[in-house]
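The values are calculated or read from the model by the stated rules, or taken from the named source; none is laboratory data. Every value quoted in this text rests on a predicted model; they were computed, and no experiment measured them. Here the Cβ is made from the backbone with ideal geometry for all residues, glycine too, and neighbour counts use every protein chain on show.
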Amino acid sequence: MEDLIKAIELAIAHELEARKAYLSLAEESDDLELKRLLKEIAAEEAGHEASLRSRLRLYQEKHMLRDTVSRYVSPEVAEEILKNPNLLQLGGRRQHITVLFADIKGFTAMSETMAPEAVVAVLNDYFTEMVELVFRHRGTLDKFVGDALMAVFGAPVPLAQAAANAVECALGMHRRLAEMRAGGATSIQGMRVGINTGEAIVGNIGSHKRMDFTVIGDVVNVAARLQELAKELEADTLISEATRRELPGKFRLEPAPAVTLRGRTEPTLVYRVPADY
């Protein structure tokens, strides 16, 4: 691709040389009509060159944006963002979303028995499969935090069934990990997932030179705490009451005892979603 861009830039540069040649010929000519014609042609060449450079720059910016965005969302969502780049402008807006946190069961104990290079290899294989499932369910990868990942459903592109997609994704992640273990492709023994739904501030946070797309709000904090609680309750996946209210009836849910999450005073209703592998 880089060589092709250089070839195109060289071809555009020939437009500049042609314009200079026309102007030089105009200076040499004693025929006023021909002199005027050559200057008009030179002006047209200048306009054509500027147009070509502008179109090439626009293509390069779009290509760079597609390459960057595709690391965090599915190809389909990336195309939607490219059609509406305002979705990624600096700043935030309120949006209804579902947040998923997932981490590896017993990761600290597992990593203590492995060489650092082996730990990185295991994580890379695991994250490759899990992120693919996030994309398949139209989610956005927000970040990796150690052995955990955070995904958002319903941002930056709104998603009508965000809660259902997030739960389907969680079930798919458990199934895929079980397949990897059965095939001897990983030493990871399990994972815990927390899911919550609500309003958040969604957008690019930072400066014009360095910004990250993320979501901010209590909905994120509760999802993270549900994932922590899943460890304590030895649950595959825990979801909040807010998420449950938006789910169709096809999911098998098991009410768990109401808990007071860290940082809250009121008890929170939570539900187990047993893995279906």
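Quick notes on this structure:
- Candidates 185, 151 - the one that is in contact with a helix residue (DSSP H, G or I) (Cβ under 9 Å, 6 or more places away or on another chain) and outside any loop (DSSP other than H, G, I, E, B): 151
This table checks each residue for (1) in contact (Cβ under 8 Å) with a residue 60 or more places away in the chain; (2) at negative phi; (3) surrounded by 13 or more Cβ atoms within 10 Å (Cβ to Cβ).
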| site | (1), (2), (3) |
| --- | --- |
| 103 | yes, yes, yes |
| 109 | no, yes, no |
| 119 | no, yes, yes |
| 128 | no, yes, no |
| 138 | yes, no, yes |
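- Region 231-273 - residue that is in a strand (DSSP E or B) and touching a residue at least 40 places away in the same chain (Cβ under 8 Å) and, of those, nearest to residue 104 (Cα to Cα): 237
- Within region 262-270, one or more residues are of a type outside the set (S, T, N, Q), over 30 Å from residue 119 (Cβ atoms) and surrounded by 22 or more Cβ atoms within 10 Å (Cβ to Cβ).
- Subset of region 188-214 (residues that are part of a strand (DSSP E or B) and at pLDDT 85 or above): 191, 192, 193, 194, 195, 196, 197, 198, 199, 200, 201
- Among the residues of region 165-200, those that are in contact with a strand residue (DSSP E or B) (Cβ under 9 Å, 6 or more places away or on another chain) and of a type in the set (Gly, Ala, Ser) comprise 166, 170, 190, 194, 198, 200.
Yes or no, residue by residue, for (1) touching a Phe, Trp or Tyr at 6+ places or on another chain (Cβ under 7 Å); (2) among the acidic types (Asp, Glu):
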| position | (1), (2) |
| --- | --- |
| 226 | no, no |
| 230 | no, no |
| 234 | no, yes |
| 243 | no, no |
| 251 | no, no |
| 254 | yes, yes |
| 259 | no, no |
